[in-house]
Amino acid sequence: MKILKPYVEVPDIDGVQIMKNIEKAGRTCYKSHSTDEESYKRFLNNIITSGHESVIEHEKVSIRILTDRGSMWDITRHRHASFSIESTRWCNYSKEKFEQEIKFIEPFYLLEDKDGFEIWKKTMEEIEKNYFKLSKMGYKADVCRMLLPASLATEIAMTANLREWRHILKLRTAKNVHPHVRQFTIPLLLYFKERMPEIFNDIEYDKEFDNKNYAELKIIK
Ligand SMILES: Cc1cc2nc3c(=O)[nH]c(=O)nc-3n(C[C@H](O)[C@H](O)[C@H](O)COP(=O)(O)OP(=O)(O)OC[C@H]3O[C@@H](n4cnc5c(N)ncnc54)[C@H](O)[C@@H]3O)c2cc1C
């Protein structure tokens, strides 16, 4: 068994170019094409404050997340996004390809509670032991997966347009959201704010969530 920390992988996006592309598409409505290098800022501000958000659907961002199965259930409720998710039907963790071990996401909020963490760890070890027993008896991953818990590490490829990202990040960075979800949504929102401030700066998030628990943000060149 291996205990992993989560991460979120993002492309090294040219936010200004993305915002200019949106401006160009949106100005079609008014026949008001601009040659001013900075005009996208005012334009996007107007689009967002007036609720004319279909315009920002013209651009999308794809990311990759390593998180736990429970967070996967939460994030995949969003219907205007596309997902490809590690399948527990086809991935048999007792095979060499998976290093013959099951990977779990560290429950960081239990780290300071020695007894609580021990209960979690022992349960995961037991699950792995019994998963391998069933596999040895000849059962396929389809059957063995019945034992897998919400802590199972899960890779997700996810794509959404910027309107949907705004919606998802508004909902999923708030205090009432599961900490494992906030772990990757907050650093993602901060990255979008840095690269595309005119589109994401108005979105509030849980500022009390300790940044030492953020998922690692990997920027892929
Ligand atoms: C803190 C929190 C707790 C939650 N707890 C639970 C829970 O206990 N149980 C549970 O089942 N779910 C729960 N959810 C999930 C929640 O109910 C939504 O399913 C999920 O957040 C997706 O939101 P959405 O429908 O707004 O977004 P999306 O699916 O991303 O859709 C975006 C927007 O498109 C529009 N839209 C999409 N589909 C339709 C449609 N069919 N008809 C009309 N408009 C549409 C809506 O305006 C919607 O807001 C929770 C979510 C959060 C954030």
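The values are calculated or read from the model by the stated rules, or taken from the named source; none is laboratory data. Please read these numbers as outputs of a predicted model, since none were measured by experiment. So basically every Cβ, Gly included, is an ideal-geometry build from the backbone, and we count neighbours across all protein chains shown.
Go over the candidates LYS133, LYS170 one by one and state the one that is surrounded by fewer than 17 Cβ atoms within 10 Å (Cβ to Cβ) and either touching a strand residue (DSSP E or B) at 6+ places or on another chain (Cβ under 9 Å) or farther than 22 Å from TYR214 by Cβ (or both).
LYS133
Do we have THR67 as in contact (Cβ under 8 Å) with a residue 24 or more places away in the chain and over 20 Å from PHE200 (Cα atoms) here?
The answer is yes for THR67.
Within segment 60-86, count every residue that is part of a helix (DSSP H, G or I) and among the aromatic types (Phe, Trp, Tyr).
1
Quick check on ARG89: is it closer than 30 Å to THR154 by Cα, in contact (Cβ under 8 Å) with a residue 12 or more places away in the chain, of a type in the set (Lys, Arg) and part of a loop (DSSP other than H, G, I, E, B)?
Yes; evaluated as a whole, the condition is true for this residue.
Test each condition in (1) over 27 Å from ASN213 (Cα atoms); (2) assigned by TED's automatic domain parsing to the domain that holds ILE203; (3) of a type in the set (D, E, K, R) for GLU164 and report the one that comes out false.
GLU164 satisfies every listed condition except (1).
Being in contact (Cβ under 8 Å) with a residue 12 or more places away in the chain and charged (D, E, K, R) narrows it down to one residue among GLU118, GLU106; which is it? Outline the logic, then answer.
On the way: GLU118 fails: in contact (Cβ under 8 Å) with a residue 12 or more places away in the chain.
Matching residue, one of GLU118, GLU106: GLU106.
Being closer than 23 Å to TRP73 by Cβ and acidic (Asp, Glu) is the filter here, so list the residues in segment 178-221 that pass it.
Scanning segment 178-221 gives ASP206, GLU216.
Based on what the data block shows, is GLU57 part of a strand (DSSP E or B) and touching a residue at least 12 places away in the same chain (Cβ under 8 Å)?
Against the criterion (part of a strand (DSSP E or B) and touching a residue at least 12 places away in the same chain (Cβ under 8 Å)), GLU57 does not qualify.
For segment 72-121, which positions are of a type in the set (Val, Ile, Thr) and in contact with a Pro (Cβ under 9 Å, 6 or more places away or on another chain)?
The one that is of a type in the set (Val, Ile, Thr) and in contact with a Pro (Cβ under 9 Å, 6 or more places away or on another chain): ILE105.
So, of the residues in segment 39-54 that are among the aliphatic types (A, V, I, L, M) and in contact (Cβ under 8 Å) with a residue 40 or more places away in the chain, which turns out to be surrounded by the most Cβ atoms within 10 Å (Cβ to Cβ)?
The extreme case among them is LEU44.
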